[in-house]
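Visitor: This structure is in structure tokens; I'll ask about it shortly.
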Amino acid sequence: MRIVVLAGGIGGARFLRGLKATAPEADITVIGNTGDDIHLFGLKVCPDLDTVMYTLGGGIDEEQGWGRSEETFQVKSELAAYGVGPEWFGLGDRDFATHIVRTQMLGAGYPLSAVTEALCARWQPGVRLLPMSDDRVETHVAVDIDGERRAVHFQEYWVRLRASVEAQAVVPVGAEQSTPAPGVLESIAEADVVLFPPSNPVVSVGTILAVPGIREAIAEAGVPVVGLSPIVGNAPVRGMADKVLAAVGVESTAAAVARHYGSGLLDGWLVDTADAEAAAEVEEAGIRCRAVPLMMTDLDATTAMANEALALAEEVRG
Ligand code: GDP
Ligand code: CA
């Protein structure tokens, strides 16, 4: 079975662990969000691709959910001693090596897709990890600070401001001119199932869908498309997804997120058992819905979630 997954960082990566466990024979292609990418200290950092790569490759900081395990921060403190920041972005020494290799290869002319493949040769994530695009796409968030409208990089909004101010708009800068990376459209066309893990619907899955051609390819693939809600009990399980959902006019409920994707894209949607009463609203929108436990507390729970997603995909397969 060929499975395509559109993934952000933590939510996507953790779900993928469960998917690999429930479908060990499957051929899994992950289309990763690169809208969070940022240049820091002259280095190209791809937080979501790295979270997937480290999580599946066994190099992740398990507690934190991002960054390398057993990390140290000598380089960061040396940089700070020179007065060189930003201090709000936590790049550890081990992590720095990844960004140095990536930046060096990009400088030598390799596209991001080839660089990602090279990095994965070390980590062996057990999936084919593709960036959504080789082109630069950068998510910016419009905010009002001291009565003035400003656009800040997504990382500045998320990490420095901790989404403490209202997001007025979320713009994937460069998306309109971007093209899907090599292999992206092909993998969708050849897929048996497409899954949306419980990743952020706006700044993770939404950004991937903003690359011209990807949404269309999924809608036209004629295979089951099943998603899992990142919203449980009317709030994100982790993080501040409610802030960016509000910016696109979507309520933070499992049903509203399903309607936001829409029946033109989604065939099936899983909500948590806490949101069982939302299922009727989702089904009225033309999307098959089941309520199952959706908390990725451990590998067993996550594996069961992935199994439910595949079962729902079989159910909606016409
Ligand atoms: P990010 O790029 O690191 O922010 O990660 P993603 O976009 O892939 O996933 C973030 C989303 O995952 C958040 O909106 C969370 O609500 C969601 N999430 C995290 N853990 C869980 C979980 O255990 N269950 C569910 N249903 N969603 C989760
Ligand atoms: Ca992210």
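Visitor: In contact (Cβ under 8 Å) with a residue 40 or more places away in the chain, outside any helix (DSSP H, G or I) and either of a type in the set (Lys, Arg) or more than 19 Å from THR207 (Cβ to Cβ) (or both): which single residue out of TRP88, TRP66 fits that description?
Guide: It is TRP88.
Visitor: Picking from ARG94, ARG122, which residue would you name as being of a type in the set (Lys, Arg) and in contact with a strand residue (DSSP E or B) (Cβ under 7 Å, 6 or more places away or on another chain)?
Guide: Selected residue: ARG94, the only one of ARG94, ARG122 that is of a type in the set (Lys, Arg) and in contact with a strand residue (DSSP E or B) (Cβ under 7 Å, 6 or more places away or on another chain).
Visitor: Going by the structure shown, is GLY206 within 16 Å of ligand 2 (Cβ to nearest atom), open to solvent by 10 Å² or more (accessible area, probe 1.4 Å) and either touching a residue at least 12 places away in the same chain (Cβ under 8 Å) or polar (S, T, N, Q) (or both)?
Guide: yes
Visitor: Residue by residue through the stretch 91-113, note down the ones that are touching a Lys or Arg at 6+ places or on another chain (Cβ under 8 Å), in a loop (DSSP other than H, G, I, E, B) and either aliphatic (A, V, I, L, M) or surrounded by fewer than 17 Cβ atoms within 10 Å (Cβ to Cβ) (or both).
Guide: LEU91
Visitor: Identify, from the list PHE96, PHE15, PHE73, PHE41, the residue that is closer than 25 Å to TYR157 by Cβ and within 19 Å of the chain's Cα centre (by Cα).
Guide: On inspection, the qualifying residue turns out to be PHE15.
Visitor: Another one. Going through the stretch 223-239 one residue at a time, which ones are in contact with a Ser or Thr (Cβ under 8 Å, 6 or more places away or on another chain) and more than 6 Å from ligand 1 (Cβ to nearest atom)? Write out each step before concluding.
Guide: Taking the stretch 223-239 as the starting set, the residues that turn out to be in contact with a Ser or Thr (Cβ under 8 Å, 6 or more places away or on another chain) are 230-231, 234-236.
ILE231, ASN234, ALA235 - these are the residues of the stretch 223-239 that are in contact with a Ser or Thr (Cβ under 8 Å, 6 or more places away or on another chain) and more than 6 Å from ligand 1 (Cβ to nearest atom).
Visitor: Can you tell me how many residues within the stretch 37-60 are in a loop (DSSP other than H, G, I, E, B) and open to solvent by less than 10 Å² (accessible area, probe 1.4 Å)?
Guide: Applying the first criterion (in a loop (DSSP other than H, G, I, E, B)) to the stretch 37-60 yields 37, 41-42, 46, 58-59.
With open to solvent by less than 10 Å² (accessible area, probe 1.4 Å) added as a condition, the list becomes 37, 46, 59.
Of the residues in that region, 3 qualify.
The values are calculated or read from the model by the stated rules, or taken from the named source; none is laboratory data. Just so you know, these numbers come straight off a predicted model, no measurement behind them. Cβ coordinates were reconstructed from backbone atoms using ideal geometry, including for glycine residues, and neighbour counts include every protein chain displayed. The protein model used for the area step is the full one, side chains on, heavy atoms only, and it has no ligands, DNA or RNA in it. Shrake-Rupley method; radii C 1.70, N 1.55, O 1.52, S 1.80 Å.
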